[in-house]
């Protein structure tokens, strides 16, 4: 084309070269594009018939330009227009400049006519006006996306210190220990080898005194429960099989002896448990009864003649199943069984039942099956235990809350069966603190890998310009930044839960149990969602085992079931929130709701007005008071609605069990609303306590993102309830996007503040 006599005779034809280049740019010339350009050419009366034919020949889909011809067109356009100053020049601007440089002499009148007649050609071809300019001159393109990069406006070390709080010393020590070569990861498909390595690691941890930390000093510990939870969370940066086995031995087994036993049990067992001299199990769950502990069928029958108990598994469904440490290493099990005295059932108590001798052989009457391979945590030897009339001594009953007297009678310091049962289980709520803290640590590890990778993994970009890190893409930020905010929010709320548990009294025990149930559920569900998103955000690299997300994902998946199924636990939260209505349910009146209803009415006057429901001012949407009011309103409204619904169903003659069953989904929402409010409150309180301006600023952004993300997630409810109008929920969505964009700049420093040892991350894609 460029050597054609037509172009030499009439350089004005060069006006069409940028257009021709663009329509051929995707290598496929469609009939629609041909028609658009032909119509444009037909409309130019200054073109002769021969010239028109010449141009049409270059619009023939059956005769495309050769690759060399196409490159020559581009070179000609670039060379002729290299000094064109307009960065948003149109195809016509480029063509006119090119034609003039080639010697075309066009009057101003003609130029105006051409520009007017061809002004719509870009939009007709589906091009963004001015975008074509960058196809020819990509070096002139400057994009926000391309230039956005990591920086930190806060001191990472100070934020790390804030996160560690008063447990900083033990956290540093644990990180040093698990960074030792003795803790190098093992890659093996051999279950026996894997389990023995995990046992070895736990022994090394016990040698450091970590296992006994929560036990009293006289039994080798420090009497420091908060430190124990900090240890367990920090260990979770390493290998979760190790963490779970550690938790089973020193937490579930050891704490059951400590909390359910008395001094005689403490003296006999705690020191050996804390050093792993006595490996043990926590045998509560049965094949036929998981969450429903009161329904277990294993029996402990008292034998007055020998002052002993006979532990028995009456049927296959009564086997203790999924018991950690049982398949290979456990020598004793805290076994939950129904106490039977003279044929009468006195409810569930706990008993210490020997399983193996010191050489590892199972004892008479004990049958143990290996659960085998699992989805994850294959370093933990889970097993099934069957008791065939196993006799244990009288002193093996953990008798803090229930005893059998010298004359063979049942006795308890707690008269009520219900209260005694829940008091006993309430002392073991520590597992619902350790598991979510471990899960959140796994989330932090996954986020560290995914965010570091996203910051340095280039993919796509402006045409002709360098590729852009995937973390600069808004959708990628949308995937990870809210989850990063969740990790921080949960960190502070789980610290709060730990403090409440450590400082608990009998008066607030039930409240703390419900709080632990709710935060455990929210946190572990969040862990599962976070690690799945991190895997996907890393593409194929996230699927490679070497980058460890698969291990974190598979090993933590069971956390939504450990220590109680999350859905069941959320119902426990809801029932706890409805406690003050229990009397009203039984008496079939609504008087107990009046205070709440009055409060709700007052709130409606102040918050459900047109100005508030439509308010999209940035100051308002970023205000902590707005979040607090919205979260509190939702919790209060859902609670009252659930109470009214239950009252109505029962009033209509439905059994209370059926009423709760019908309302289960509603009750779950009560639980979520309560937990979300608690998490928000604790995040805000932490920000208010933070003195460092840099840390305070970045935590404020994270808190805003957490709150707005939850509001966005629940926008349907807020719209249905009239608390917000569509214009407000749209503004919230827009602001979430903006906060993700802003936090992206500090995302890498924010995950660096977790201070996860590099040897624990062990992901090539996350290496600094």
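The values are calculated or read from the model by the stated rules, or taken from the named source; none is laboratory data. Note that the coordinates shown come from a computational prediction; the quantities given were computed from them, not determined experimentally. Cβ coordinates were reconstructed from backbone atoms using ideal geometry, including for glycine residues, and neighbour counts include every protein chain displayed.
Scanning the range 646-659 for residues that are out of contact with any helix residue (DSSP H, G or I) (no Cβ under 6 Å at 6 or more places or on another chain), in a helix (DSSP H, G or I) and free of Cβ contacts under 8 Å to residues at least 60 places away in the same chain returns 648, 657, 658.
So is residue 408 loosely packed, with under 14 Cβ neighbours inside 10 Å and either in contact (Cβ under 8 Å) with a residue 40 or more places away in the chain or part of a strand (DSSP E or B) (or both) or not? Taking the combined requirement at face value, the residue satisfies it. Going residue by residue through the range 36-46, is there one that turns out to be outside any helix (DSSP H, G or I) and free of Cβ contacts under 8 Å to residues at least 24 places away in the same chain? Yes, the range 36-46 contains a residue that is outside any helix (DSSP H, G or I) and free of Cβ contacts under 8 Å to residues at least 24 places away in the same chain. In the condition set (1) at pLDDT 95 or above; (2) closer than 24 Å to residue 496 by Cβ; (3) in a helix (DSSP H, G or I), residue 668 is compliant with all but (1). Against the numbered list (1) in contact with a strand residue (DSSP E or B) (Cβ under 7 Å, 6 or more places away or on another chain); (2) under 24 Å from residue 260 (Cα atoms); (3) modelled with pLDDT of 95 or more, residue 329 comes up short only at (1).
Residues that are within 35 Å of the chain's Cα centre (by Cα), at negative phi and surrounded by fewer than 15 Cβ atoms within 10 Å (Cβ to Cβ) number at least 1 in the following strands (runs of 3 or more DSSP E) confined to the range 341-394: 366-370. Taken as a whole, the range 290-306 holds at least one residue that is under 29 Å from the mean Cα position of the chain (by Cα), in a helix (DSSP H, G or I), in the same structural domain as residue 334 (by TED's automatic domain parsing) and within 17 Å of residue 402 (Cβ to Cβ). Checked against the criterion of being outside any helix (DSSP H, G or I) and either modelled with pLDDT of 55 or more or not assigned by TED's automatic domain parsing to the domain that holds residue 449 (or both), the range 530-540 has at least one qualifying residue.
Checked against the criterion of being at pLDDT below 90 and in the same structural domain as residue 235 (by TED's automatic domain parsing), the candidates 457, 400, 419 yield just one match: 419.
Taking residue 729, is it surrounded by fewer than 23 Cβ atoms within 10 Å (Cβ to Cβ) and over 27 Å from residue 516 (Cβ atoms)? Judged against the criteria, residue 729 is a match.
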